[in-house]
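Data block below; observations after.
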Amino acid sequence: MERLDKIVSIGAGASRSDARKLILRGKVQVNGGLVRDIAFKVDPNKDEICLSGEKIFYKKHIYLIMNKPKGVLTATEDKKKQTVIDLIPAELFRKDLFPVGRLDKDTTGMLIITNDGDFAHQLLSPNKKVPKKYLVQLDGEVKPEIVEKFREGLTLADGTVLLSATLEILSDTTTAIVTITEGKYHQIKRMFGLFDLGVNELKRISFAGLNLPESLSEGEVRELTVNELECINNAKKT
Ligand code: URA
């Protein structure tokens, strides 16, 4: 059960204090009856809550997919720079949204944004080994010997021991697809750095078994479909 002022605030996109004013002014009905108690308990999945006669829709959790563009910070707020949260259109925006994991400022591609802490925690938990796939454009040729080294598990320059990763070298030999199941700071860049290869372009093309949809252009955000969410939920079960 949830407080009525919270549901009206989220459902109507109003601040908590404005939601309280609306309730106190008699604008809110629960299951057809006027309720002026801001702390009245409702079940948002069962009770019908109307504001000025219009049903309000409330979802406790929201799951968004973004194709992150370059130059945007994976953070909830920043005084100077644009963040991924700033790119969310008003109709999808909630104050409690946050990105699941992070991509560097110059990395593009798939990012999940949610307000569901448990969901995020499970996806980021190291023992769930959720796969993340990156398309990497390098400043030199990737030698086939490296594939086996990635598979065996690399040790980064600071001594961090990494789990086995999959490296697929594409036909132009300076482009590769890497799949990792953890998320250390600048991991991909540091992995290639061990072989004196610099990363020119990095794009996350898949996360938790879900591929970045081709229809989602850079900077675009939308809600995950039920099927997409199911696919991600399956990845964190294993
Ligand atoms: N590895 C990196 O180096 N950067 C990212 O943004 C993601 C993985």
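Scanning region 216-227 for residues that are more than 16 Å from the ligand (Cβ to nearest atom) and in contact (Cβ under 8 Å) with a residue 12 or more places away in the chain yields Leu216, Ser217, Gly219, Glu220, Val221, Arg222, Glu223, Leu224.
You will find that of Lys70, Lys46, Lys79, Lys60, the residue that is of a type outside the set (Ser, Thr, Tyr), open to solvent by 60 Å² or more (accessible area, probe 1.4 Å), part of a loop (DSSP other than H, G, I, E, B) and touching a strand residue (DSSP E or B) at 6+ places or on another chain (Cβ under 6 Å) is Lys70 and no other. Scanning region 218-229 for residues that are open to solvent by less than 50 Å² (accessible area, probe 1.4 Å) and assigned to a loop (DSSP other than H, G, I, E, B) turns up at least one hit. Name the residue that is farthest from Leu167 (Cα to Cα), counting only residues in region 118-141 that are open to solvent by less than 80 Å² (accessible area, probe 1.4 Å) and polar (S, T, N, Q). Among residues in region 118-141 that are open to solvent by less than 80 Å² (accessible area, probe 1.4 Å) and polar (S, T, N, Q), the one farthest from Leu167 (Cα to Cα) is Gln122. Please go through region 98-117 and pick out each residue that is closer than 16 Å to Leu64 by Cα and either in the same structural domain as Asn200 (by TED's automatic domain parsing) or surrounded by fewer than 19 Cβ atoms within 10 Å (Cβ to Cβ) (or both). Scanning region 98-117 gives Phe98, Gly101, Arg102, Asn115, Asp116, Gly117. Contact annotation: residue pairs with Cβ atoms under 7 Å, 6 or more positions apart or on different chains, pairing a residue in region 173-193 that is more than 14 Å from Arg204 (Cβ to Cβ) and in the same structural domain as Asp158 (by TED's automatic domain parsing) with a partner that is near the ligand (Cβ under 8 Å from one of its atoms) and of a type in the set (A, V, I, L, M), are Phe192/Val199. Of the residues Leu92, Leu167, Leu162, the single one that is among the hydrophobic types (A, V, I, L, M, F, W, C), within 19 Å of Glu218 (Cβ to Cβ) and in contact (Cβ under 8 Å) with a residue 24 or more places away in the chain is Leu92. Among (1) within 16 Å of the ligand (Cβ to nearest atom); (2) under 16 Å from the mean Cα position of the chain (by Cα), which single condition is Lys236 missing? Going through (1) within 16 Å of the ligand (Cβ to nearest atom); (2) under 16 Å from the mean Cα position of the chain (by Cα) one by one, Lys236 breaks only (1).
Of the residues in region 147-160, at least one is open to solvent by 40 Å² or more (accessible area, probe 1.4 Å) and part of a strand (DSSP E or B). Of all the residues in region 171-215, those that are open to solvent by 50 Å² or more (accessible area, probe 1.4 Å) and either near the ligand (Cβ under 9 Å from one of its atoms) or touching a strand residue (DSSP E or B) at 6+ places or on another chain (Cβ under 7 Å) (or both) number 10.
The values are calculated or read from the model by the stated rules, or taken from the named source; none is laboratory data. In this text, all values refer to a predicted model and were calculated from it rather than measured experimentally. Backbone-built Cβ (ideal geometry, glycine too); neighbour counts: all protein chains shown. SASA here: full protein model, heavy atoms, side chains in, ligands and nucleic acids out. Shrake-Rupley method; radii C 1.70, N 1.55, O 1.52, S 1.80 Å.
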